[in-house]
Amino acid sequence: MTTKLTVKRFRIRRPDPVEPLQPRAAATPDAMLFEPPDDGFGDQSFVSPAAAAGTAVAGAETAPGTDLDAIRREGLTGRQLRLARRLAQKHDMPATSDFDAVRLLRKAGIDPFQRTNLLELVSGGSGGGDVPPQLPGRSVAKVPPGDGVQLPQTIKPIQVPSTEVRAEQNHAADIMRIQRDLARRRRRKSALLVARLLFFVGLPTLLTGFYYYMVATPLYATKAEFVIQQSANPSSPAAGLGGLLQGSPMATSQDSITVQGYLQSRDAMLRLDSDKGFRAHFSDPAIDPIQRLTPGATLEAAYKAYTRNIHIAYDPTEGIIKMEVIAADPQKSVEFSRALIGYAEEQVDHLTQRLREDQMKGADDSYKNAEREMLASQRRVVELQEKFKVLSSEVEVQLITAQITQLETQLTTDKLSLQQMESNATPNKARMDPLKRRITAMEDEIASLRSKLTEAGAGGESLAVVQSELLVAQADVQTRQLLLAQSLQAMETARIEANRQVRYLSVSVNPIAPDEASYPRAFENTVVALLIFGGIYLMISMTAAILREQVSA
């Protein structure tokens, strides 16, 4: 249904000369009030080469506002140019381009952008129908022409690109193609890298985590700590310079390391197996296949399980031996721990037993030898006393000497008495003869006594020989007694030293049965497995890249 619009017609009068339009950016708001909006073509030109040539010829004579270059600089929109071309077509003006239409209209004294002209153009384009006048501030609706006349279109001149432009275009195309190829290769390599990481790192880590979280048997760990101490008094003379280290971990470090090595040996494993059934416990079918010992497992397999579940550590700074025993049953782990502490205590007792026995044996033999020699010397003294019938040579000498002294004193007195009698004029012979006989007897007795001291009698050796032999025997007895005393002191010293060499094992942390499984540590072990697999993959990939580069070089 077609609706006819009535348009009030106005008489067209010749307008005043039109001043050249200013550029759009410099136009005032009043001038832009009825300016139609942009039609989307911007400043694109539709001028053909022939029209451009005609324009150049026609531009020889220019008027104000009719110069093509000035019109182009006005910044007219595509909609304004099309309206101008339609208005020029209505007035039968041979316009070769949009700008030429504006020039011809202005040259004819018609303002192509005046409102009255626009209304006449709209009314004329509608096939003579009436259209309502356009209100200020509103755009005129596009009405297709009723007479079917098509507006002339500008022809874009054919421009052949130069060699530099074509080279630049080809170079840009090559760069784009290379960039697309690089992006495609990068995506492919990224996809392959992700696939390799998932296969070589993600999948093994997933399997490891599945084992630790779902399959691994929970194990219970019992911890114990003990220290080896030495019983000795550092202030004792027997301690010597060794007492300076008494009380420090250095004094028993060698023994602690020895005990640690023994607890980690196959001997301790065999004793634990024979006493507590170590292999039978870890061969239980309830344990997962990876940690379980196969029935009839070899000694090496059992020892690997022993070293994996029995951890012995020695702290040299504190001298403490730390032990951790892992088992599938908490009570069994406590039983194993107590048995190993007992083995360690026995080993500590046997460490210095031979040294103590050697020290005591040497001291005891020396003492017994000294005692035997002393008894032999004393027996020799007794034999000499029995042989010479003399208890003591010194006593015999003293007795004989005392007798000789007494006799000599009496002899001196008798001789003085005899001399006194002989000094008389008429001595009494009856008194002098007994006195002389007594003097002679005393001299004989004194001589006999003196002979006993120096000369051997008919019964044996002289007293001097007896005394010398007795003195030698007695001196030997005294020497043997001194040696015996020294041997006794040496034995006491050895006994003290042997007591100082005694070691004691003191348990500082007793084994207590845990109420919660300590192993496996699923999260930590899974993370460690991820790092290990990632490191292996990284090393292999780097090695392969280096080899590939070397081969390609």
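The values are calculated or read from the model by the stated rules, or taken from the named source; none is laboratory data. Please read all numbers here as calculations on a predicted model, not as lab measurements. Heads up, the Cβs are rebuilt from the backbone with ideal geometry, glycines too, and the neighbour counts pull from every protein chain shown.
Would you call Leu411 part of a helix (DSSP H, G or I), among the hydrophobic types (A, V, I, L, M, F, W, C), surrounded by 12 or more Cβ atoms within 10 Å (Cβ to Cβ) and modelled with pLDDT of 85 or more?
Criteria met by Leu411.
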Within the stretch 440-454, is even one residue exposed (fewer than 13 other Cβ atoms within 10 Å of the Cβ), of a type outside the set (Lys, Arg), at pLDDT below 85 and outside any helix (DSSP H, G or I)?
no
Which ones in the stretch 348-399 are polar (S, T, N, Q) and either part of a helix (DSSP H, G or I) or exposed (fewer than 13 other Cβ atoms within 10 Å of the Cβ) (or both)?
Gln353, Gln359, Ser366, Asn369, Ser377, Gln378, Gln385, Ser393, Gln398
In the stretch 429-447, the residues that are of a type in the set (Gly, Ala, Ser) and within 12 Å of Ile404 (Cβ to Cβ)
Ala447
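Given the criterion in contact (Cβ under 8 Å) with a residue 12 or more places away in the chain and of a type outside the set (S, T, N, Q), identify the matching residue among Leu483, Leu531.
Only one candidate passes the filter, namely Leu483.
Does Leu505 count as surrounded by 14 or more Cβ atoms within 10 Å (Cβ to Cβ), of a type outside the set (Asp, Glu) and not in a helix (DSSP H, G or I)?
Yes: the conditions hold for Leu505.
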Counting just the residues of the stretch 364-391 that are in contact with a Leu (Cβ under 9 Å, 6 or more places away or on another chain) and of a type in the set (A, V, I, L, M), which one comes out nearest to Asp255 (Cα to Cα)?
Ala370
Does any residue in the stretch 325-341 that is more than 11 Å from Asp275 (Cβ to Cβ) and in contact (Cβ under 8 Å) with a residue 24 or more places away in the chain come within less than 8 Å, Cβ to Cβ, of a residue that is of a type in the set (Asp, Glu) and surrounded by fewer than 20 Cβ atoms within 10 Å (Cβ to Cβ) six or more places away or on a different chain, and which pairs are these?
Ala328/Asp284; Pro330/Asp515
Buried (at least 18 other Cβ atoms within 10 Å of the Cβ), assigned to a helix (DSSP H, G or I) and of a type outside the set (Ser, Thr, Tyr): does that describe Val325?
no
Right, Ala464: under 22 Å from Glu383 (Cβ atoms), modelled with pLDDT under 80 and part of a helix (DSSP H, G or I) or not?
yes
If you take the residues of the stretch 79-106 that are of a type in the set (Lys, Arg) and farther than 12 Å from Leu68 by Cα, which of them is surrounded by the fewest Cβ atoms within 10 Å (Cβ to Cβ)?
Lys90
Can you list the helices (runs of 4 or more DSSP H) found entirely within the stretch 217-308 that contain at least 1 residues being loosely packed, with under 13 Cβ neighbours inside 10 Å and modelled with pLDDT of 90 or more?
266-276, 278-282
